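Enquirer: Let me begin by handing over the structure; questions about it come next.
The values are calculated or read from the model by the stated rules, or taken from the named source; none is laboratory data. From a predicted model like this one, the values you see are computed outputs, not experimental measurements. We place every Cβ from the backbone using ideal geometry, glycine too, and count neighbours over all the protein chains shown.
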Amino acid sequence: MSVPRSLSASSYINIRDRGTRVGEVRRELNIAIDALPTQVDPTERELYLNAILGDLNGRDDAPWTVWPDDVYLLSLTAIKSLGRNPVGSETLLSPDHLSTLLYHSVLPLDLPSSSSTLATFSRPAPAPMSLSAREALKILANLLVLHSAGRSRLAAAGGARAIARALAGRGPDREDVELGKGKEEENTERLFLLGRLGFLVTIDRPKAVKVMVDEENVVGSLIHHVTTMAPESVNYAALSELLKMMNNIIRFYPADHPASSTSTHSHDPWDDRFDALLYPVLCVFYAIPIIDLSPPMSYITHVLLSIPFHPRILPTWHCVPESPSPSASSTATPTSPYSMRGLLNKISHMSSPSSTQSQERRKLSAGSLTLPTRSKSPTSPSSPRTSSSSSSSRDGIVPPGVYEPAALPTKLLRIFDHFFDTYIPCPDKPDDELPHGQVLDEVLPPLLLLLTNAAIGSEPIRAVLKETLLPSTLDRSAAAGPLESRNGTLGNILRLMGCAGHPQTKNTAGELMWAICKGDAADLCVEIGYGNAAGVLFQKGISGPPSAKIEEVQEEYTSNEPPSGSDLSPINIQPATPTVASTFATTSSDASAPRHPITGLKDDNGFVTGTEMTQDEKEREAERLFVLFDRMERNPVISMKSGENGEKKKDIKDLMREKLESGEVSTWEKKDEESERIRLEEEERLDEEEAMRELQEYKRRTTGIIGKQ
């Protein structure tokens, strides 16, 4: 097998008058494009890049100005191929080379000064939608991925502002960029590259994000593209990059900005201009026909995780958009389980809502949810260009939606179950190695945290989660097996709470169950058992079983309604002393069937601590002890004998027999029984005193109210 010949930059550099000898230039560029990474020495790579970029600079006699389009495109493709290796491609970071790449990418930068390299370009730049412009954008994207310094230099050159303008549909001369008929594929690729560049240039750069949001209205541009992009597989890559950029915009926007006039949370880092991002992201979330935690669904989850459950946008969280995009109807049939209608039908069959709930499940009013307005150019219908005066406007109206709080948790749980069915099918354990290189702590925590935030921020969603995971009809019989060993969503979450190899996933799963139980330790132990809840309780600083949970008992009246004008509250008698874990079994949902405090299962026999042994059991236990003592006596290593100095040593067996015959053991038992009786009497006395105090307080309140009447 022959070794590939190393690529030499001299073969290209030694071509004289490269502007006219196009055939030789084309041949050498193709050789550079087809070369393997091992064929190019770092020094030769740098020389090759310098030579090609020199031919693309802004001189009037630069060779690229007379090259045919195919050679011009080959030169950019050769730079892209040679620049994929971080070693030797550092020359691309030089100011001259970076300016050359920015020019050929047709990004709408500010007008350069006379000293800028861009000012030397006399030939008009290619069209923004051209193949050569997209090739230059790919070079910039690779450069920013391989060299972190390139991100800083692009941001310093105004790259963040230029990317925001490009997303708004503006060209280098501030003109509107026309998409043209049949150019959807080219537009999608350009959006992918702009989203990738926007994501990279905004990492840890609040100043760049502030310029994009405050001065270029990048929020409106992102809303436009996410809303109009069809949720189809051909658009997933571009949609993923736009969502990553959107997440950076939310995350790195400076929190010390002046609160806007409509914001009621001046102390909150969340800016109300980002409220409008929620609806289009939810549109994509419900419309996309996949339930796998892969892009773009994983990035949708990250964006939703960044948006809080503020009261003013709770109606948006609780709605299901009817028409997420113009092509939504083409991606899923009305009866498909992935369509909007299919999801709503599934939710409606989960439970039978009351008449009041049915009335609430109505279409949201058009004015309840708003998006920023976008003034579109008449020559470019798809352009999201927005005037600076309307950058913060909130007069737009979103498409109508259906009020359904169960939709969000239902789909999130479907995604969670799909992940387990695919990667951790029962009876596999979460601590086992996952296929396809999946890392549990990188995949599941965002999804679990989103469910946790939803349970904390929305009571209707929390109620749906509790009824779904911990329904009153849950089979808690021992025959059905432990809760954590069962197949299903609840069993999967409980197994995550017990996995030691993935601490982040373990903690987030525990936080989810804690939020579903409203932060009530006793309720959590009642529902899943102290054995499953011990880890999260320890994280909360609760080292032992929580106190008993006693439900309030409403006083019965002769009629169904309490006396008119009465504002009496029911008596709630708290336990006088901390109780043992067995008191977890007192719940209103299933009072007739107490639950085992450790497993959370139905305890038909009752859980009794400290059960007294019968006389026969005591005798059998004593016999077992005698046998053990006899074995120990025969062991030459262990000698268990007792006796004072000068006295004959006695075996332990003989000592125990003497104590039994003398009645000393019975005396010990009587002392223990007496101590237990005294303890119980003291507890009863304290309980009685506590009850009397509560009764006196109740009488005092009753007497005061009657006196007022």
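Enquirer: How about region 452-482: which of its residues are in contact with a helix residue (DSSP H, G or I) (Cβ under 8 Å, 6 or more places away or on another chain) and either more than 17 Å from ILE493 (Cβ to Cβ) or surrounded by fewer than 16 Cβ atoms within 10 Å (Cβ to Cβ) (or both)?
Expert: The answer is GLY457, SER458.
Enquirer: Failed condition for ASP523, given (1) within 22 Å of ALA406 (Cβ to Cβ); (2) under 22 Å from the mean Cα position of the chain (by Cα), with all others met?
Expert: Condition not satisfied by ASP523: (2).
Enquirer: Kindly indicate whether any position in region 70-78 is hydroxyl-bearing (Ser, Thr, Tyr), over 30 Å from ASP176 (Cβ atoms) and under 45 Å from the mean Cα position of the chain (by Cα). Walk me through how you get there before you give the answer.
Expert: Just the residues of region 70-78 that are hydroxyl-bearing (Ser, Thr, Tyr), to begin with: 72, 75, 77.
Checking the rest, the ones that are also over 30 Å from ASP176 (Cβ atoms) come to none.
The answer is no, given that none of the residues of region 70-78 is hydroxyl-bearing (Ser, Thr, Tyr), over 30 Å from ASP176 (Cβ atoms) and under 45 Å from the mean Cα position of the chain (by Cα).
Enquirer: If ASP275 satisfies all but one of (1) modelled with pLDDT of 90 or more; (2) of a type in the set (Asp, Glu); (3) over 20 Å from the mean Cα position of the chain (by Cα), what's the number of the condition it fails?
Expert: Only one criterion in (1) modelled with pLDDT of 90 or more; (2) of a type in the set (Asp, Glu); (3) over 20 Å from the mean Cα position of the chain (by Cα) is unmet by ASP275, namely (3).
Enquirer: Applying the selection to region 230-256, what residues are closer than 18 Å to LEU193 by Cα, under 23 Å from the mean Cα position of the chain (by Cα) and among the aliphatic types (A, V, I, L, M)?
Expert: Of everything in region 230-256, those that are closer than 18 Å to LEU193 by Cα, under 23 Å from the mean Cα position of the chain (by Cα) and among the aliphatic types (A, V, I, L, M) turn out to be ALA237, ALA238, LEU239, LEU242, LEU243, MET245, MET246, ILE249.
Enquirer: Take ASP110 and tell me if it is of a type outside the set (A, V, I, L, M), under 18 Å from VAL201 (Cβ atoms) and modelled with pLDDT under 90.
Expert: On the way: of a type outside the set (A, V, I, L, M): yes; under 18 Å from VAL201 (Cβ atoms): yes; modelled with pLDDT under 90: yes.
For ASP110, the condition - of a type outside the set (A, V, I, L, M), under 18 Å from VAL201 (Cβ atoms) and modelled with pLDDT under 90 - is met.
Enquirer: Answer yes or no: is there a residue in region 181-195 that is closer than 18 Å to ASP110 by Cβ, part of a loop (DSSP other than H, G, I, E, B) and not aromatic (Phe, Trp, Tyr).
Expert: No, every residue in region 181-195 fails to be closer than 18 Å to ASP110 by Cβ, part of a loop (DSSP other than H, G, I, E, B) and not aromatic (Phe, Trp, Tyr).
Enquirer: List, please: which pairs have Cβ atoms under 9 Å, are six or more places apart or on different chains, and start with a residue in region 673-685 that is touching a residue at least 60 places away in the same chain (Cβ under 8 Å) and end with one that is not in a helix (DSSP H, G or I)?
Expert: Hits for this filter: GLU683/ALA576; GLU683/THR577.
Enquirer: Same structure again: State whether the residues of region 691-699 include one that is at pLDDT below 75 and farther than 23 Å from ARG624 by Cα.
Expert: The answer is no; no qualifying residue exists.
Enquirer: Does at least one position in region 478-486 carry a residue that is modelled with pLDDT of 95 or more and more than 24 Å from HIS302 (Cβ to Cβ)?
Expert: The answer is no; no qualifying residue exists.
Enquirer: Can you tell me which of (1) of a type in the set (A, V, I, L, M, F, W, C); (2) out of contact with any Ser or Thr (no Cβ under 7 Å at 6 or more places or on another chain); (3) at pLDDT 90 or above is the one ALA515 doesn't meet?
Expert: ALA515 satisfies every listed condition except (2).
Enquirer: Considering ARG123, ARG174, which residue is modelled with pLDDT under 90 and either on the phi > 0 side of the Ramachandran plot or among the β-branched types (Val, Ile, Thr) (or both)?
Expert: After ruling out the rest, the residue left standing is ARG174.
Enquirer: Taking region 32-58 only, how many residues are surrounded by fewer than 16 Cβ atoms within 10 Å (Cβ to Cβ) and within 23 Å of HIS104 (Cβ to Cβ)?
Expert: So the answer is 2.
Enquirer: Next question. Of the residues PRO42, PRO37, which is in contact with a Gly (Cβ under 6 Å, 6 or more places away or on another chain) and under 21 Å from LEU92 (Cα atoms)?
Expert: PRO42
Results for (1) within 28 Å of the chain's Cα centre (by Cα); (2) within 22 Å of ALA78 (Cβ to Cβ); (3) buried (at least 22 other Cβ atoms within 10 Å of the Cβ), shown as yes or no for each residue.
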| site | (1), (2), (3) |
| --- | --- |
| LEU140 | no, yes, yes |
| LEU143 | no, yes, yes |
| SER148 | yes, no, no |
| ALA164 | yes, no, yes |
| GLY169 | no, no, yes |
| GLU186 | no, yes, no |
| THR202 | yes, no, yes |
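Enquirer: Still on this model: May I ask you to verify whether MET513 is of a type in the set (A, V, I, L, M, F, W, C) and in contact with a Leu (Cβ under 8 Å, 6 or more places away or on another chain)?
Expert: Working: of a type in the set (A, V, I, L, M, F, W, C): yes; in contact with a Leu (Cβ under 8 Å, 6 or more places away or on another chain): yes.
So MET513 passes the test.
For (1) buried (at least 23 other Cβ atoms within 10 Å of the Cβ); (2) among the β-branched types (Val, Ile, Thr); (3) in a loop (DSSP other than H, G, I, E, B), each residue gets a yes or a no:
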position	(1), (2), (3)
ARG495	yes, no, no
ALA500	no, no, yes
THR505	no, yes, no
GLY510	yes, no, no
ALA515	no, no, no
